[in-house]
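Data first, discussion second: the structure below is written as C-alpha coordinates.
The values are calculated or read from the model by the stated rules, or taken from the named source; none is laboratory data. Keep in mind that what you see is a predicted model, and the values were worked out from it rather than measured. Reconstructed Cβ throughout: ideal geometry from the backbone, glycine too, with neighbour counts over all protein chains shown. Just the protein is used for accessible areas: all its heavy atoms, side chains included, with ligands, DNA and RNA removed. Shrake-Rupley method; radii C 1.70, N 1.55, O 1.52, S 1.80 Å.
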Amino acid sequence: MRLSDDSLVLALDQGSHASRAVLFDAAGELLAEAHQPVGTRRGREDVVEQDPVELVESLRTAAADVCASSAVRGRPIVAAGLATQRSTIVCWARSNGAALSEAISWQDRRAAAWLARLAPQAPRVREITGLPLSPHYGASKLRWCLDHLPAVQRAADAGDLAAGPLSSFLVARLVAGRPCVVDPANASRTLLYDPATLDWSNELLELFTLDRTLLPACVATRRDFGRLLIDPPGLSLAACTGDQSAAAFAFGRPAASSALVNVGTGAFVQRVAPDGAALPAGLLRSVLHADDGGVMQAHEGTVNGAGSALEWLRERVAIDVDRGVAALAGSGDIPEPPLFMNGVGGLGAPFWNPAFPVEFVGDVECDDIARLAGVIESIAFLLSVNLAALQSSAPLARIRLTGGLARSDYLCRRLADASGLPVERCALAEATARGVAFLAAGEPAGWGAVPVEREFTPTGDAVFTARFARWRTEMARRGAAT
(Lines give C-alpha, C1' and ligand atoms only; values in the text may rest on other atoms or scores of the structure.)
Protein backbone atom coordinates (compact mmCIF):
# COMPACT_ATOMS: atom_id res chain seq x y z
CA MET A 1 0.00 0.00 0.00
CA ARG A 2 1.31 3.43 -0.93
CA LEU A 3 0.40 6.21 1.48
CA SER A 4 -0.01 9.80 0.34
CA ASP A 5 0.94 12.63 2.66
CA ASP A 6 -2.67 13.23 3.68
CA SER A 7 -3.52 9.54 4.26
CA LEU A 8 -4.72 8.35 7.66
CA VAL A 9 -4.69 4.87 9.19
CA LEU A 10 -7.18 3.75 11.84
CA ALA A 11 -6.10 1.40 14.63
CA LEU A 12 -8.71 -0.43 16.70
CA ASP A 13 -7.40 -1.86 19.97
CA GLN A 14 -9.73 -3.97 22.10
CA GLY A 15 -8.20 -4.45 25.55
CA SER A 16 -9.18 -5.76 28.96
CA HIS A 17 -10.22 -2.37 30.36
CA ALA A 18 -11.15 -0.32 27.29
CA SER A 19 -11.54 -0.24 23.55
CA ARG A 20 -9.45 2.37 21.76
CA ALA A 21 -9.54 3.89 18.32
CA VAL A 22 -6.47 5.81 17.19
CA LEU A 23 -5.71 7.70 13.99
CA PHE A 24 -2.16 7.89 12.64
CA ASP A 25 -0.84 9.88 9.71
CA ALA A 26 1.40 8.57 6.92
CA ALA A 27 4.51 9.07 9.09
CA GLY A 28 3.09 7.20 12.07
CA GLU A 29 2.28 10.30 14.12
CA LEU A 30 -0.70 9.95 16.44
CA LEU A 31 -3.30 12.54 15.47
CA ALA A 32 -6.38 11.63 17.47
CA GLU A 33 -7.64 8.95 19.83
CA ALA A 34 -10.81 7.91 21.57
CA HIS A 35 -11.53 5.24 24.12
CA GLN A 36 -14.55 3.54 25.60
CA PRO A 37 -14.26 1.74 28.96
CA VAL A 38 -15.50 -1.85 29.19
CA GLY A 39 -16.50 -3.86 32.21
CA THR A 40 -15.22 -7.12 33.65
CA ARG A 41 -17.13 -9.55 35.83
CA ARG A 42 -15.25 -11.70 38.33
CA GLY A 43 -16.82 -14.68 40.03
CA ARG A 44 -15.77 -17.54 42.21
CA GLU A 45 -13.40 -20.27 41.07
CA ASP A 46 -11.29 -18.02 38.84
CA VAL A 47 -14.18 -16.93 36.61
CA VAL A 48 -13.40 -13.75 34.64
CA GLU A 49 -15.83 -12.67 31.92
CA GLN A 50 -16.74 -9.72 29.73
CA ASP A 51 -19.86 -8.93 27.74
CA PRO A 52 -19.00 -9.68 24.09
CA VAL A 53 -21.67 -7.33 22.74
CA GLU A 54 -20.30 -4.52 24.91
CA LEU A 55 -16.87 -5.15 23.40
CA VAL A 56 -18.28 -4.85 19.86
CA GLU A 57 -20.26 -1.70 20.59
CA SER A 58 -17.36 -0.10 22.46
CA LEU A 59 -15.21 -0.42 19.33
CA ARG A 60 -17.97 1.08 17.19
CA THR A 61 -18.32 4.02 19.57
CA ALA A 62 -14.58 4.66 19.83
CA ALA A 63 -14.17 4.45 16.04
CA ALA A 64 -17.06 6.86 15.42
CA ASP A 65 -15.71 9.31 17.99
CA VAL A 66 -12.17 9.41 16.62
CA CYS A 67 -13.30 9.60 12.99
CA ALA A 68 -15.50 12.57 13.86
CA SER A 69 -12.56 14.46 15.36
CA SER A 70 -11.17 17.63 13.84
CA ALA A 71 -7.94 15.76 12.98
CA VAL A 72 -9.68 14.11 10.02
CA ARG A 73 -10.77 17.29 8.21
CA GLY A 74 -11.73 15.42 5.06
CA ARG A 75 -8.50 13.43 4.85
CA PRO A 76 -8.88 9.86 3.56
CA ILE A 77 -8.69 6.96 6.01
CA VAL A 78 -7.10 4.38 3.74
CA ALA A 79 -6.78 1.32 5.99
CA ALA A 80 -7.71 -0.05 9.39
CA GLY A 81 -6.17 -2.65 11.69
CA LEU A 82 -7.59 -4.53 14.66
CA ALA A 83 -5.64 -5.76 17.69
CA THR A 84 -7.27 -7.68 20.52
CA GLN A 85 -6.54 -9.23 23.87
CA ARG A 86 -5.23 -12.73 23.25
CA SER A 87 -6.46 -15.98 24.82
CA THR A 88 -9.99 -14.59 25.36
CA ILE A 89 -12.64 -16.71 23.60
CA VAL A 90 -16.26 -16.38 22.48
CA CYS A 91 -18.85 -18.76 21.02
CA TRP A 92 -21.34 -17.34 18.50
CA ALA A 93 -23.90 -18.31 15.86
CA ARG A 94 -22.53 -18.38 12.34
CA SER A 95 -25.93 -17.55 10.86
CA ASN A 96 -26.43 -14.19 12.55
CA GLY A 97 -23.34 -13.45 14.68
CA ALA A 98 -25.25 -13.64 17.97
CA ALA A 99 -23.02 -14.30 20.98
CA LEU A 100 -23.76 -17.65 22.64
CA SER A 101 -21.29 -17.28 25.50
CA GLU A 102 -19.66 -14.53 27.46
CA ALA A 103 -16.20 -13.41 26.40
CA ILE A 104 -14.20 -15.71 28.66
CA SER A 105 -11.12 -13.70 29.59
CA TRP A 106 -7.48 -14.61 29.20
CA GLN A 107 -7.39 -14.28 33.00
CA ASP A 108 -10.08 -16.97 33.47
CA ARG A 109 -9.01 -20.32 34.92
CA ARG A 110 -12.37 -22.05 35.42
CA ALA A 111 -11.28 -25.14 33.47
CA ALA A 112 -8.07 -25.71 35.43
CA ALA A 113 -9.28 -28.90 37.14
CA TRP A 114 -10.50 -30.38 33.85
CA LEU A 115 -7.24 -29.49 32.12
CA ALA A 116 -5.15 -31.12 34.84
CA ARG A 117 -6.19 -34.56 33.57
CA LEU A 118 -4.23 -33.85 30.39
CA ALA A 119 -1.00 -33.21 32.30
CA PRO A 120 0.77 -36.28 30.83
CA GLN A 121 0.35 -34.68 27.39
CA ALA A 122 1.88 -31.33 28.44
CA PRO A 123 5.30 -31.97 26.85
CA ARG A 124 3.71 -32.82 23.50
CA VAL A 125 1.44 -29.77 23.66
CA ARG A 126 4.47 -27.56 24.29
CA GLU A 127 6.41 -29.24 21.49
CA ILE A 128 3.69 -28.38 18.96
CA THR A 129 2.50 -25.00 20.22
CA GLY A 130 5.42 -23.54 22.15
CA LEU A 131 3.06 -23.03 25.11
CA PRO A 132 2.58 -24.71 28.48
CA LEU A 133 -0.60 -26.62 29.19
CA SER A 134 -2.46 -23.76 30.89
CA PRO A 135 -6.12 -22.87 31.47
CA HIS A 136 -5.30 -19.28 30.50
CA TYR A 137 -5.31 -20.36 26.84
CA GLY A 138 -8.36 -20.98 24.73
CA ALA A 139 -8.75 -24.74 24.25
CA SER A 140 -10.00 -25.69 27.72
CA LYS A 141 -12.37 -22.70 27.72
CA LEU A 142 -13.88 -23.78 24.40
CA ARG A 143 -14.28 -27.30 25.77
CA TRP A 144 -15.97 -25.87 28.89
CA CYS A 145 -18.48 -23.96 26.76
CA LEU A 146 -19.40 -27.08 24.82
CA ASP A 147 -19.79 -29.05 28.03
CA HIS A 148 -21.75 -26.52 30.08
CA LEU A 149 -23.66 -24.01 27.93
CA PRO A 150 -26.96 -25.23 26.43
CA ALA A 151 -27.04 -22.47 23.79
CA VAL A 152 -23.61 -23.55 22.57
CA GLN A 153 -24.65 -27.20 22.53
CA ARG A 154 -27.81 -26.45 20.53
CA ALA A 155 -25.87 -24.42 17.97
CA ALA A 156 -23.31 -27.22 17.63
CA ASP A 157 -26.08 -29.78 17.04
CA ALA A 158 -27.61 -27.51 14.39
CA GLY A 159 -24.30 -26.95 12.61
CA ASP A 160 -24.48 -23.22 13.40
CA LEU A 161 -21.71 -22.89 16.00
CA ALA A 162 -18.57 -20.83 15.60
CA ALA A 163 -16.10 -20.78 18.47
CA GLY A 164 -12.68 -19.24 18.77
CA PRO A 165 -10.61 -16.23 19.81
CA LEU A 166 -12.25 -12.90 20.60
CA SER A 167 -10.63 -11.43 17.49
CA SER A 168 -12.64 -13.80 15.30
CA PHE A 169 -15.93 -12.84 16.96
CA LEU A 170 -15.15 -9.14 16.56
CA VAL A 171 -14.33 -9.60 12.88
CA ALA A 172 -17.56 -11.54 12.40
CA ARG A 173 -19.56 -8.70 13.96
CA LEU A 174 -17.66 -5.74 12.54
CA VAL A 175 -17.01 -6.86 8.95
CA ALA A 176 -19.62 -7.22 6.22
CA GLY A 177 -20.56 -10.80 5.39
CA ARG A 178 -19.63 -12.10 8.88
CA PRO A 179 -16.35 -13.79 7.88
CA CYS A 180 -15.29 -16.58 10.24
CA VAL A 181 -11.50 -16.30 10.22
CA VAL A 182 -8.60 -16.09 12.65
CA ASP A 183 -5.16 -14.49 12.40
CA PRO A 184 -1.97 -16.40 13.35
CA ALA A 185 -1.22 -14.50 16.58
CA ASN A 186 -4.61 -15.12 18.14
CA ALA A 187 -4.85 -18.67 16.82
CA SER A 188 -1.50 -19.44 18.41
CA ARG A 189 -2.92 -18.67 21.89
CA THR A 190 -5.50 -21.47 21.82
CA LEU A 191 -3.33 -24.59 22.37
CA LEU A 192 -4.88 -25.87 19.13
CA TYR A 193 -2.63 -24.21 16.54
CA ASP A 194 0.58 -25.48 14.97
CA PRO A 195 2.90 -22.56 14.07
CA ALA A 196 4.88 -24.88 11.80
CA THR A 197 1.90 -25.39 9.48
CA LEU A 198 0.00 -22.15 10.26
CA ASP A 199 -3.13 -24.22 10.76
CA TRP A 200 -5.10 -26.07 13.42
CA SER A 201 -3.39 -29.24 14.63
CA ASN A 202 -5.43 -32.41 14.11
CA GLU A 203 -3.55 -34.02 16.97
CA LEU A 204 -4.47 -31.24 19.40
CA LEU A 205 -8.06 -31.06 18.21
CA GLU A 206 -8.33 -34.76 19.02
CA LEU A 207 -6.71 -34.25 22.42
CA PHE A 208 -9.27 -31.59 23.38
CA THR A 209 -12.11 -33.39 21.54
CA LEU A 210 -12.91 -30.32 19.44
CA ASP A 211 -14.22 -30.38 15.88
CA ARG A 212 -12.28 -28.37 13.29
CA THR A 213 -15.56 -27.26 11.68
CA LEU A 214 -16.38 -25.19 14.78
CA LEU A 215 -13.23 -23.11 14.48
CA PRO A 216 -12.51 -20.09 12.27
CA ALA A 217 -10.45 -20.58 9.12
CA CYS A 218 -6.77 -19.72 9.59
CA VAL A 219 -5.66 -16.74 7.47
CA ALA A 220 -2.74 -14.32 7.21
CA THR A 221 -2.11 -11.37 9.53
CA ARG A 222 -2.46 -8.87 6.72
CA ARG A 223 -5.13 -9.35 4.07
CA ASP A 224 -8.41 -7.82 2.91
CA PHE A 225 -10.70 -9.01 5.70
CA GLY A 226 -13.61 -7.07 4.20
CA ARG A 227 -15.56 -3.85 4.67
CA LEU A 228 -15.95 -2.61 8.24
CA LEU A 229 -19.48 -1.91 9.43
CA ILE A 230 -18.52 1.29 11.24
CA ASP A 231 -18.57 5.00 10.52
CA PRO A 232 -17.20 6.22 8.21
CA PRO A 233 -18.53 3.60 5.73
CA GLY A 234 -16.43 1.87 3.10
CA LEU A 235 -13.29 1.34 5.17
CA SER A 236 -11.59 -2.06 4.82
CA LEU A 237 -9.95 -4.04 7.59
CA ALA A 238 -6.40 -4.72 6.38
CA ALA A 239 -4.74 -6.37 9.40
CA CYS A 240 -5.75 -8.32 12.50
CA THR A 241 -3.51 -9.60 15.29
CA GLY A 242 -3.07 -9.93 19.05
CA ASP A 243 -2.30 -6.96 21.26
CA GLN A 244 1.24 -7.98 22.23
CA SER A 245 2.03 -9.13 18.69
CA ALA A 246 0.97 -5.71 17.44
CA ALA A 247 3.04 -3.96 20.10
CA ALA A 248 6.16 -5.66 18.72
CA PHE A 249 5.73 -3.50 15.59
CA ALA A 250 5.25 -0.22 17.46
CA PHE A 251 8.74 0.90 16.46
CA GLY A 252 8.57 -0.54 12.96
CA ARG A 253 9.85 -3.96 12.01
CA PRO A 254 11.32 -5.40 15.22
CA ALA A 255 15.02 -6.24 15.61
CA ALA A 256 16.25 -9.37 17.37
CA SER A 257 18.70 -7.37 19.51
CA SER A 258 15.94 -5.50 21.39
CA ALA A 259 13.47 -6.76 23.95
CA LEU A 260 10.07 -5.12 24.04
CA VAL A 261 8.47 -5.00 27.48
CA ASN A 262 4.83 -3.89 27.55
CA VAL A 263 3.45 -3.39 31.06
CA GLY A 264 -0.31 -3.20 31.53
CA THR A 265 -2.66 -5.46 33.49
CA GLY A 266 -0.05 -8.12 32.85
CA ALA A 267 3.50 -7.57 31.66
CA PHE A 268 4.88 -9.15 28.51
CA VAL A 269 8.48 -9.36 27.38
CA GLN A 270 9.33 -10.54 23.89
CA ARG A 271 12.00 -10.57 21.24
CA VAL A 272 12.14 -11.77 17.67
CA ALA A 273 13.27 -15.38 17.78
CA PRO A 274 16.92 -15.53 16.62
CA ASP A 275 17.47 -17.70 13.56
CA GLY A 276 17.88 -21.33 14.54
CA ALA A 277 17.58 -20.61 18.27
CA ALA A 278 15.84 -23.15 20.48
CA LEU A 279 12.98 -21.96 22.64
CA PRO A 280 14.40 -21.16 26.11
CA ALA A 281 13.03 -23.30 28.93
CA GLY A 282 9.85 -21.93 30.44
CA LEU A 283 9.24 -19.28 27.77
CA LEU A 284 6.62 -19.15 25.03
CA ARG A 285 6.81 -19.25 21.27
CA SER A 286 4.51 -16.72 19.58
CA VAL A 287 3.65 -15.94 15.98
CA LEU A 288 4.15 -12.21 15.52
CA HIS A 289 3.16 -12.07 11.88
CA ALA A 290 2.55 -14.45 8.99
CA ASP A 291 1.63 -13.89 5.35
CA ASP A 292 2.82 -14.90 1.91
CA GLY A 293 6.15 -13.22 2.65
CA GLY A 294 6.98 -15.56 5.51
CA VAL A 295 6.57 -16.06 9.23
CA MET A 296 8.06 -14.02 12.06
CA GLN A 297 8.07 -15.70 15.47
CA ALA A 298 8.96 -14.42 18.91
CA HIS A 299 10.16 -15.82 22.19
CA GLU A 300 8.02 -14.40 24.96
CA GLY A 301 7.70 -14.31 28.72
CA THR A 302 4.70 -13.27 30.78
CA VAL A 303 4.20 -11.72 34.21
CA ASN A 304 0.59 -11.98 35.30
CA GLY A 305 0.95 -9.67 38.29
CA ALA A 306 1.76 -6.21 36.89
CA GLY A 307 -1.09 -3.69 36.91
CA SER A 308 -3.21 -6.44 38.45
CA ALA A 309 -0.73 -6.62 41.37
CA LEU A 310 -1.23 -2.91 41.99
CA GLU A 311 -4.98 -3.51 41.96
CA TRP A 312 -4.43 -6.24 44.57
CA LEU A 313 -2.43 -3.79 46.68
CA ARG A 314 -4.96 -0.98 46.27
CA GLU A 315 -7.47 -2.91 48.37
CA ARG A 316 -4.97 -3.35 51.21
CA VAL A 317 -3.34 0.07 51.70
CA ALA A 318 -4.53 3.54 52.70
CA ILE A 319 -2.46 5.51 50.17
CA ASP A 320 -3.54 6.51 46.66
CA VAL A 321 -1.64 3.89 44.67
CA ASP A 322 -1.69 5.88 41.40
CA ARG A 323 -0.18 8.94 43.09
CA GLY A 324 2.33 6.72 44.83
CA VAL A 325 3.47 5.13 41.55
CA ALA A 326 3.97 8.55 39.98
CA ALA A 327 5.82 9.98 42.98
CA LEU A 328 7.99 7.03 43.99
CA ALA A 329 11.61 7.92 43.23
CA GLY A 330 14.26 5.38 42.37
CA SER A 331 16.80 6.85 44.75
CA GLY A 332 14.60 8.61 47.30
CA ASP A 333 14.70 8.16 51.05
CA ILE A 334 12.15 5.39 51.43
CA PRO A 335 12.28 2.48 53.86
CA GLU A 336 13.75 -0.70 52.45
CA PRO A 337 10.83 -2.45 50.74
CA PRO A 338 9.66 -5.86 51.88
CA LEU A 339 10.02 -8.67 49.36
CA PHE A 340 6.79 -9.39 47.52
CA MET A 341 5.96 -12.91 46.39
CA ASN A 342 3.94 -11.92 43.34
CA GLY A 343 1.56 -14.77 42.60
CA VAL A 344 -1.22 -12.40 41.55
CA GLY A 345 -3.10 -14.12 38.73
CA GLY A 346 -0.83 -17.15 39.09
CA LEU A 347 2.92 -17.20 38.54
CA GLY A 348 3.67 -16.97 34.82
CA ALA A 349 6.85 -17.56 32.83
CA PRO A 350 9.20 -19.23 33.33
CA PHE A 351 7.77 -20.88 36.47
CA TRP A 352 4.14 -21.64 35.57
CA ASN A 353 2.74 -22.11 39.05
CA PRO A 354 -0.94 -21.13 39.18
CA ALA A 355 -1.16 -21.64 42.95
CA PHE A 356 1.89 -19.56 43.92
CA PRO A 357 1.27 -17.50 47.08
CA VAL A 358 0.68 -13.76 47.22
CA GLU A 359 2.44 -12.38 50.28
CA PHE A 360 5.02 -9.99 51.65
CA VAL A 361 8.21 -11.28 53.23
CA GLY A 362 10.30 -9.24 55.63
CA ASP A 363 9.12 -6.14 57.46
CA VAL A 364 5.38 -6.65 57.05
CA GLU A 365 4.77 -3.75 59.46
CA CYS A 366 6.42 -1.24 57.09
CA ASP A 367 4.49 1.72 55.73
CA ASP A 368 2.34 1.64 52.61
CA ILE A 369 4.82 3.39 50.32
CA ALA A 370 7.39 0.68 51.11
CA ARG A 371 4.81 -1.98 50.27
CA LEU A 372 4.14 -0.25 46.96
CA ALA A 373 7.87 -0.20 46.22
CA GLY A 374 8.04 -3.91 47.03
CA VAL A 375 5.26 -4.72 44.57
CA ILE A 376 6.91 -2.67 41.81
CA GLU A 377 10.26 -4.33 42.51
CA SER A 378 8.63 -7.75 42.19
CA ILE A 379 7.49 -6.81 38.69
CA ALA A 380 11.05 -5.80 37.79
CA PHE A 381 12.42 -9.02 39.30
CA LEU A 382 10.00 -11.24 37.39
CA LEU A 383 10.66 -9.40 34.13
CA SER A 384 14.40 -9.73 34.68
CA VAL A 385 14.14 -13.49 35.16
CA ASN A 386 12.36 -13.66 31.80
CA LEU A 387 14.92 -11.39 30.17
CA ALA A 388 17.74 -13.62 31.41
CA ALA A 389 15.97 -16.61 29.84
CA LEU A 390 15.62 -14.71 26.55
CA GLN A 391 19.35 -14.01 26.56
CA SER A 392 20.15 -17.71 26.85
CA SER A 393 19.59 -17.92 23.09
CA ALA A 394 21.30 -14.66 22.06
CA PRO A 395 22.37 -11.46 23.85
CA LEU A 396 20.16 -8.39 24.02
CA ALA A 397 21.35 -4.81 23.61
CA ARG A 398 18.44 -2.91 25.15
CA ILE A 399 14.94 -2.99 26.61
CA ARG A 400 12.20 -0.83 25.12
CA LEU A 401 9.52 -0.24 27.74
CA THR A 402 5.93 0.71 26.91
CA GLY A 403 2.53 0.52 28.59
CA GLY A 404 0.86 2.30 31.46
CA LEU A 405 3.43 1.40 34.13
CA ALA A 406 6.30 2.64 31.95
CA ARG A 407 5.55 6.05 33.48
CA SER A 408 7.05 4.81 36.76
CA ASP A 409 10.65 5.95 37.07
CA TYR A 410 11.01 3.50 39.93
CA LEU A 411 10.08 0.53 37.76
CA CYS A 412 12.39 1.70 34.97
CA ARG A 413 15.37 2.13 37.31
CA ARG A 414 14.80 -1.17 39.04
CA LEU A 415 14.36 -3.03 35.77
CA ALA A 416 17.65 -1.62 34.48
CA ASP A 417 19.45 -2.60 37.69
CA ALA A 418 17.91 -6.08 37.90
CA SER A 419 18.48 -6.95 34.23
CA GLY A 420 21.81 -5.19 33.70
CA LEU A 421 20.44 -3.71 30.45
CA PRO A 422 19.64 -0.12 29.50
CA VAL A 423 15.92 0.63 29.56
CA GLU A 424 14.54 3.02 26.96
CA ARG A 425 11.24 4.64 27.87
CA CYS A 426 9.91 5.85 24.59
CA ALA A 427 7.54 8.74 23.90
CA LEU A 428 4.83 6.32 22.90
CA ALA A 429 1.52 5.96 24.69
CA GLU A 430 -0.22 3.55 22.31
CA ALA A 431 2.24 0.79 21.37
CA THR A 432 -0.41 -1.74 20.36
CA ALA A 433 -2.34 0.76 18.24
CA ARG A 434 0.78 2.06 16.49
CA GLY A 435 1.95 -1.46 15.75
CA VAL A 436 -1.30 -2.63 14.17
CA ALA A 437 -1.54 0.62 12.20
CA PHE A 438 1.96 -0.05 10.84
CA LEU A 439 0.85 -3.51 9.72
CA ALA A 440 -2.43 -2.28 8.23
CA ALA A 441 -0.56 0.38 6.27
CA GLY A 442 1.69 -2.27 4.73
CA GLU A 443 4.84 -1.54 6.80
CA PRO A 444 5.52 1.80 5.08
CA ALA A 445 9.13 2.91 4.71
CA GLY A 446 8.17 6.44 5.73
CA TRP A 447 6.92 5.40 9.17
CA GLY A 448 8.80 7.65 11.57
CA ALA A 449 11.06 6.58 14.42
CA VAL A 450 9.80 6.87 17.99
CA PRO A 451 11.98 9.18 20.10
CA VAL A 452 13.40 7.94 23.39
CA GLU A 453 11.93 10.02 26.19
CA ARG A 454 14.48 8.83 28.75
CA GLU A 455 17.09 6.12 29.11
CA PHE A 456 17.75 4.38 32.41
CA THR A 457 21.12 2.66 32.75
CA PRO A 458 22.16 0.08 35.37
CA THR A 459 23.65 1.71 38.46
CA GLY A 460 25.21 -1.30 40.16
CA ASP A 461 23.25 -0.62 43.37
CA ALA A 462 24.71 -3.21 45.76
CA VAL A 463 21.86 -3.00 48.27
CA PHE A 464 19.28 -3.59 45.57
CA THR A 465 21.32 -6.43 44.07
CA ALA A 466 21.42 -8.13 47.46
CA ARG A 467 17.65 -7.69 47.78
CA PHE A 468 17.18 -9.30 44.36
CA ALA A 469 19.26 -12.27 45.56
CA ARG A 470 17.11 -12.60 48.71
CA TRP A 471 13.97 -12.47 46.57
CA ARG A 472 15.31 -15.36 44.46
CA THR A 473 15.95 -17.35 47.61
CA GLU A 474 12.43 -16.76 48.90
CA MET A 475 10.96 -17.67 45.50
CA ALA A 476 12.95 -20.90 45.47
CA ARG A 477 11.71 -21.78 48.97
CA ARG A 478 8.20 -21.64 47.52
CA GLY A 479 9.06 -23.86 44.58
CA ALA A 480 9.99 -21.21 41.99
CA ALA A 481 13.74 -21.65 41.54
CA THR A 482 15.59 -19.77 38.77
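What do you get for Rg/Rh of region 50-123 when both radii come from the Cα atoms and Rh is the Kirkwood radius?
1.16
Per-residue counts of other Cβ atoms within 10 Å, averaged by peptide: what ranking do you get for 397-405, 434-442, 317-325, highest first?
Per-residue Cβ counts within 10 Å, averaged per peptide and sorted highest first, yield 434-442, 397-405, 317-325.
Let me know the whole percent of all Cα-Cα pairs from region 1-105 that are separated by more than 25 Å.
Of all Cα-Cα pairs in region 1-105, 31 percent lie more than 25 Å apart.
Express the carbon and sulfur contribution to the solvent-accessible surface of the chain as a percent, rounded to the nearest whole number, probe 1.4 angstrom.
After summing per-atom areas, the C and S share lands at 49 percent.
Over the Cα atoms, compute the radius of gyration (one decimal) and Dmax (the largest Cα-Cα distance, rounded to a whole number) for the chain, in Å.
Computed over the Cα atoms of the chain, radius of gyration and Dmax are 21.7, 66 Å.
Quick check of the Kirkwood formula: for region 392-482, what is the inverse mean of 1/r over all pairs of different Cα atoms, in Å?
This gives a value of 15.5 Å.
Which value, to two decimals, describes the C-alpha radius of gyration of region 16-63 once divided by 2.2 N^0.38 Å?
Its radius of gyration relative to the 2.2 N^0.38 Å reference: 1.49.
Report ³J(HN,Hα) in whole Hz for each residue of region 294-303, in order, from the Karplus equation J = 6.51 cos²θ - 1.76 cosθ + 1.60 where θ = phi - 60°; Gly and Pro get x.
The phi angles translate into x, 10, 10, 10, 10, 9, 9, x, 10, 10 Hz.
Cα centroids of region 142-167 and region 280-325: how far apart, whole angstrom?
If you average the Cα positions of each part, the centres end up 29 Å apart.
For Asn96 and Asp199, what is the calculated FRET efficiency with R₀ set at 25 Å and r taken between the beta-carbons, to the nearest 0.05? Please list the in-between numbers first.
On the way: r = 27 Å, r/R0 = 1.08.
So, using R0 = 25 Å, E works out to roughly 0.40.
When DSSP assigns beta bridges and you keep just the ones with both residues in the chain, what percent turn out antiparallel, to the nearest 5?
Here the share of antiparallel DSSP bridges comes out near 70 percent.
Rank-order 157-168, 292-303 by packing density, defined as the average count of other C-beta atoms within 10 Å over each peptide's residues, highest first.
The most tightly packed comes first, giving 157-168, 292-303.
How much accessible area per residue does the chain have, counting only protein heavy atoms and a probe of 1.4 Å, in square angstrom? Provide the component values of the computation, followed by the final result.
Numbers: 18110 Å² over 482 residues.
So the chain comes to 38 Å² accessible per residue, rounded to a whole number.
Provide the percentage of antiparallel DSSP beta bridges, counting only those with both residues in region 332-447; round to the nearest 5.
Beta bridges within region 332-447, antiparallel portion: roughly 60 percent.
In whole percent, what relative contact order does region 294-420 give with Cα contacts below 8 Å and a gap of six or more residues?
31 percent
If Lys and Arg each add +1 and Asp and Glu each add -1, what is the summed charge of the other residues whose beta carbon sits under 10 Å from the beta carbon of Ser101?
That works out to -1.
Report the relative contact order of the chain, percent, no decimals, based on alpha-carbon pairs under 8 angstrom and at least 6 residues apart.
15 percent
With Cβ to Cβ distances under 10 Å as the rule, what net charge do the other residues near Val47 carry (K, R +1; D, E -1)?
Working: positive: Arg41, Arg42, Arg44, Arg109, Arg110; negative: Glu45, Asp46, Glu49, Glu102, Asp108.
Spelling it out: positives minus negatives among the neighbours equals 0.
Name the shape class, rounded, prolate or oblate, that the alpha-carbon gyration tensor gives for region 186-311, where a ≥ b ≥ c are the square roots of its eigenvalues, rounded holds for a/c under 1.5, and otherwise prolate holds if a/b is larger than b/c and oblate otherwise.
Values: a/c = 1.40, a/b = 1.12, b/c = 1.25.
Taking the square roots of the gyration eigenvalues as a ≥ b ≥ c, region 186-311 is rounded.
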